[in-house]
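**Student:** Here it is: the structure, laid out below.
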Amino acid sequence: MNRSEFMKLAFGASAALFSTRSFGFNFRPASSYDGPFTLPPLPYAYGALEPSIDKMTMEIHHDKHHQGYVSNLNKAIDGTPMAKMSLDDIVMSVDNKTSMAVRNNAGGHWNHSFFWKIMGPNAGGVPTGALATAINKKYGSFDNFKEEFTKAATTRFGSGWAWLIKDGNSLDIISTPNQDNPMMALAEKKGTPIMGLDVWEHAYYLKYQNKRADYVKAAWDVFDWNNIGKNFS
Ligand SMILES: [Fe+2]
């Protein structure tokens, strides 16, 4: 192929791309969709949760997985009334008639935005104040609570989340599949999340491979009880 033939072919390919776009086909990758929602910055350095959660896992989890939920949510709500709704309102509206794209990606965006904030460096330890009192009242001790929460996190089959939720003044430990959230209209047990743990393999596989229980155990060293306590008050 000589240069002019090459240019003709290259130009033809570009022209074909423009023409398919103008007919309504869309070849943009999901990550290039602009929309009302944006990826919140991680509130600490990628490596700040080492050794419990490794730097590379945090980079991929935040920059790729969470970004994917944000971009796909923007795509799913583009041109719909949801484009003008808050993320909380979208999540709370999710019922069995909601599209899987909105359910998974609104849940994914909410759950991860929440998750980054309830962990931190120099964290771990035990809750204090009103949350400590409520946990002791419901579970007898922090150790019993830890055991119950760990059970919810390790026994969730496949991908999902373990949650501590509050409904009025009552606390409950539950788990949800995929990116479902306890605030969704379709949730079996509804409540406001106080803390949560992502048990998708993408949250731990690089460091822990199939040993989810080891990841759950290590997570207790990075839960930020100051911020978790604020979710309760
Ligand atoms: Fe995740």
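Bear in mind that the values in this text are calculations on the coordinates, not laboratory data. Because the structure is a prediction, the values reported are computed rather than measured. As a convention, Cβ positions derive from the backbone with ideal geometry for all residues, glycine included, and neighbour counts pool all protein chains shown.
**Student:** Given the conditions (1) buried (at least 21 other Cβ atoms within 10 Å of the Cβ); (2) farther than 18 Å from Arg103 by Cα; (3) not β-branched (Val, Ile, Thr), report the number of the one that Ser141 does not fulfil.
**Tutor:** With (1) buried (at least 21 other Cβ atoms within 10 Å of the Cβ); (2) farther than 18 Å from Arg103 by Cα; (3) not β-branched (Val, Ile, Thr) applied to Ser141, the lone miss is (1).
**Student:** May I pose another question? Taking the residues in the range 180-211 that are of a type in the set (D, E, K, R) and surrounded by fewer than 19 Cβ atoms within 10 Å (Cβ to Cβ) as candidates, determine which candidate is nearest to the ligand (Cβ to nearest atom).
**Tutor:** Filtering first and then ranking leaves Glu201.
**Student:** Which residues, taken from the range 147-175, are polar (S, T, N, Q) and touching a residue at least 40 places away in the same chain (Cβ under 8 Å)?
**Tutor:** Across the range 147-175, the qualifying residues are Thr150, Thr154, Ser159.
**Student:** Please give the number of the condition Asp167 fails out of (1) over 21 Å from Thr155 (Cα atoms); (2) within 16 Å of the ligand (Cβ to nearest atom); (3) of a type in the set (D, E, K, R).
**Tutor:** (2)
**Student:** Have a look at Ile173, Ile90 and point out the one that is touching a helix residue (DSSP H, G or I) at 6+ places or on another chain (Cβ under 8 Å), closer than 19 Å to Asn231 by Cα and among the aliphatic types (A, V, I, L, M).
**Tutor:** The unique qualifying residue is Ile173.
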